[in-house]
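The values are calculated or read from the model by the stated rules, or taken from the named source; none is laboratory data. Nothing here was measured: the structure is a model prediction, and the numbers come from that model. Here Cβ is always computed from backbone atoms with ideal geometry, including for glycine, and neighbour counts include all displayed protein chains.
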Amino acid sequence: MTTLIAKKLTLNQVHQLLKLNKLPNGSFSPLLALEPLTEFEQQELAQIRDDFENYLIDGKVLEGQIKLLVIGLLLKLAGFYRSPIKIHLEQDIDDIVIEDEDRKITGRFDILAINKEQPTATDVAFWLLVIESKNSGVNSFAGLPQLLTYAYESLELQDLVWGLTTNGTDYRFVLIRQGNPPTYQQMPLLNLMDSESAMQLLQVLKAICKLQNLMIGDG
């Protein structure tokens, strides 16, 4: 059996191997209820942005730094650190076996938020958000093939999962759904360095965090 490494796949290969169909770009409004941010949340968000900008000024920010300086803090501010949600870091995906092609895909996702207290029908934890990060010198789009591959694994057990690929500055959300064929839809690109866009970024993260029960109920 031929083994393929997820991070080396192109987007076209992911489409072909996983039979994924790209839908036209969507918008957040029909899918998520975005609530106004509190004054405290806006202040914390501005501090995260200012601190990250200080690192950008010095040059390329590495992937590990981005996880510590931005992603982790945004997830905490959005509520992802609170029970029953758990954060998993750099975990191997189960091998994805491609039927009729004698191939399998292996890889390791960066960050996964799950809800252990709201299991799927097969008693496996529900995936809320899959995150793939890149260093600041790489376009956030470059993480899309990996993100889709990792998120695809969850579709065997649930109807949909949200994904996010980022380079610390740009944030590209994707909604991946079950179907025949399975589909994915990209949302508007958000930018941490723009104050209005940054606020929407935090609103989206908070909405995904709060939508967990609804998503499971629709499964």
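Return the residues of the range 178-216 that are of a type in the set (D, E, K, R) and either at pLDDT below 95 or crowded, with 17+ Cβ neighbours inside 10 Å (or both); say none if nothing qualifies.
Answer for the range 178-216, where residues must be of a type in the set (D, E, K, R) and either at pLDDT below 95 or crowded, with 17+ Cβ neighbours inside 10 Å (or both): Lys206, Lys210.
Any idea which residue in the range 52-61 is surrounded by the most Cβ atoms within 10 Å (Cβ to Cβ), counting only those that are assigned to a helix (DSSP H, G or I) and touching a helix residue (DSSP H, G or I) at 6+ places or on another chain (Cβ under 9 Å)?
The selected residue is Phe52.
Could you go through the range 62-76 and let me know if any residue there is closer than 24 Å to Gln200 by Cβ and of a type in the set (Gly, Ala, Ser).
Scanning the range 62-76, I find at least one residue that is closer than 24 Å to Gln200 by Cβ and of a type in the set (Gly, Ala, Ser), so the answer is yes.
May I ask you to list the residues in the range 164-210 that are farther than 20 Å from Glu39 by Cα and assigned to a helix (DSSP H, G or I)?
Ile208
May I ask you to list pairs of residues, at least six apart or on different chains, whose Cβ atoms are under 8 Å apart, with the first in the range 193-204 being touching a residue at least 60 places away in the same chain (Cβ under 8 Å) and the second being of a type in the set (Asp, Glu) and surrounded by 15 or more Cβ atoms within 10 Å (Cβ to Cβ)?
Leu202/Glu41
Considering each residue of the range 34-51, count those that are more than 18 Å from the chain's Cα centre (by Cα), assigned to a loop (DSSP other than H, G, I, E, B) and not charged (D, E, K, R), and give that number.
Looking only at that region, the number is 3.
If we scan the range 11-30, do we find a residue that is within 28 Å of Leu202 (Cα to Cα), outside any loop (DSSP other than H, G, I, E, B), more than 22 Å from the chain's Cα centre (by Cα) and of a type in the set (A, V, I, L, M)?
no
For (1) surrounded by 11 or more Cβ atoms within 10 Å (Cβ to Cβ); (2) at pLDDT below 90; (3) within 19 Å of Phe109 (Cβ to Cβ), each residue gets a yes or a no:
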{"site": "Ala6", "(1), (2), (3)": "yes, yes, yes"}
{"site": "Gln13", "(1), (2), (3)": "yes, no, yes"}
{"site": "Gln16", "(1), (2), (3)": "yes, no, no"}
{"site": "Phe28", "(1), (2), (3)": "yes, no, no"}
{"site": "Leu34", "(1), (2), (3)": "yes, no, no"}
{"site": "Gln42", "(1), (2), (3)": "yes, no, no"}
{"site": "Asp50", "(1), (2), (3)": "no, no, no"}
